[in-house]
Ligand code: VJV
Ligand code: CA
Ligand code: ZN
């Protein structure tokens, strides 16, 4: 979007943490993205900002103070045995690691900074690829997410915008964000995700749609493995168009989890990164002040490719499919290209089911009023 003021938030120190030696969540993927964005010469097209970590007070607006105090004090050495007494960190998905508080504060700080910049009208689009931690709950960590930067950013946007829309294309259900705003009609949450067969976190059926004043303002789009670009984009555009028409938000937050791209270690959709980027491109056509966040993504080179392509999409730039020289990708044939093609795999979504889900979502949206 050549005429838009774009800001890109990047905390160089935040991505050097490791949840554990072999944990699938690798914060380094944000550094990989950063290097590709730099080497594709995108920096001159946006404002690069180094955000401050969130303060304790900011973290406690979203989280139970006792949980934040715990995060601040805990260390791998003293957490052994303690997790059973105070089970807010779940041993394998959310291990206690050195710097867990600083890591969390850094991510939340960047997403709050995105919101502030939008609130002051200084940017139209703000990017935080380290953000998008959609599972974190008020009282505990969940699904690799310790602090909910998305809820913090939305809360900040609500001080200046009547209605905020949240769209989540991570392969997992955005349960944490949904829960924070489940009973308000000032935030509409929309998550597309794999659902069923025990896929994490298990919530996110179309019937789960909000409570009290928030009834019908939580939208869920459950899908099966193997979905293709054509099916996904068809459903995504229809849902977004209808939701925009009904809700008329004043600001938009996009969670761009790249685990919905083909070849992910934890996800099993068949979306290309171009399909994934087209979802963002479509969202930007509504011309709303927009925060663009990262999220999941476990095949790290694919994550870097996807978020690089999406940074270019935001800037309205065309990129050469040949990756520029960089320190992460080597000389192997599979390391040469930006574009990730679809593969041959079974697709458990029929067009009939896609249309049925669409109609269920339309029914919920049809009951909303502004
Ligand atoms: O399915 C689960 C929960 C279990 C308990 C923990 N074991 C490890 C797995 C089953 C029920 N958790 C999911 C969490 C997915 C979080 C996704 C986060 C996001 O992308 O939506 C946003 C950032 C899950 N799936 C796979 C794993 N956990 C997993 C965790 C590991 C692992 C391998 C797989 C943790 C440590 C190590 N390997 C070394
Ligand atoms: Ca999702
Ligand atoms: Zn995910």
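So which of 268, 264, 259 is closer than 20 Å to residue 134 by Cβ, in contact with a strand residue (DSSP E or B) (Cβ under 8 Å, 6 or more places away or on another chain) and outside any strand (DSSP E or B)?
268
Residues of the stretch 281-303 being closer than 26 Å to residue 116 by Cα and either surrounded by fewer than 19 Cβ atoms within 10 Å (Cβ to Cβ) or within 16 Å of ligand 1 (Cβ to nearest atom) (or both), which ones?
Across the stretch 281-303, the qualifying residues are 281, 282, 285, 286, 287, 292, 293, 294, 295, 296.
So is residue 197 assigned to a loop (DSSP other than H, G, I, E, B), free of Cβ contacts under 8 Å to residues at least 24 places away in the same chain, farther than 19 Å from residue 133 by Cα and more than 19 Å from the chain's Cα centre (by Cα) or not?
Details: assigned to a loop (DSSP other than H, G, I, E, B): yes; free of Cβ contacts under 8 Å to residues at least 24 places away in the same chain: yes; farther than 19 Å from residue 133 by Cα: yes; more than 19 Å from the chain's Cα centre (by Cα): yes.
It is true that residue 197 is assigned to a loop (DSSP other than H, G, I, E, B), free of Cβ contacts under 8 Å to residues at least 24 places away in the same chain, farther than 19 Å from residue 133 by Cα and more than 19 Å from the chain's Cα centre (by Cα).
Checking residue 208 against (1) closer than 26 Å to residue 110 by Cα; (2) touching a helix residue (DSSP H, G or I) at 6+ places or on another chain (Cβ under 8 Å); (3) within 15 Å of ligand 2 (Cβ to nearest atom); (4) in a loop (DSSP other than H, G, I, E, B), which test does it fail?
Exception for residue 208: condition (1).
Collect the residues in the stretch 316-336 that are without any contact (Cβ under 8 Å) to a residue 24 or more places away in the chain and in contact with a strand residue (DSSP E or B) (Cβ under 8 Å, 6 or more places away or on another chain), keeping them in residue-number order.
Matches in the stretch 316-336: 321, 322, 336.
Kindly provide the set of residues from the stretch 40-51 that are out of contact with any strand residue (DSSP E or B) (no Cβ under 9 Å at 6 or more places or on another chain) and surrounded by 14 or more Cβ atoms within 10 Å (Cβ to Cβ), ordered by number.
Passing the criteria: only 40.
I want to confirm something. Restricting to the stretch 176-201 and keeping residues that are over 17 Å from residue 348 (Cα atoms) and within 11 Å of ligand 3 (Cβ to nearest atom), which single residue is surrounded by the most Cβ atoms within 10 Å (Cβ to Cβ)?
191
Quickly run through the stretch 114-140 and pick out the residues that are at pLDDT 95 or above and within 16 Å of ligand 1 (Cβ to nearest atom).
Answer for the stretch 114-140, where residues must be at pLDDT 95 or above and within 16 Å of ligand 1 (Cβ to nearest atom): 128, 129, 130, 131, 132, 133, 134, 135, 136, 137.
Out of curiosity, is residue 238 in contact (Cβ under 8 Å) with a residue 60 or more places away in the chain and surrounded by fewer than 23 Cβ atoms within 10 Å (Cβ to Cβ)?
Yes.
Based on this model, can you work out whether residue 188 counts as away from ligand 1 (no atom under 16 Å from the Cβ) and either touching a strand residue (DSSP E or B) at 6+ places or on another chain (Cβ under 8 Å) or part of a strand (DSSP E or B) (or both)?
yes
The values are calculated or read from the model by the stated rules, or taken from the named source; none is laboratory data. In this text the structure is predicted, and so the values were computed from the model without any measurement. Every residue, glycine as well, gets a Cβ built from its backbone with ideal geometry; the counts of neighbours run over all protein chains shown.
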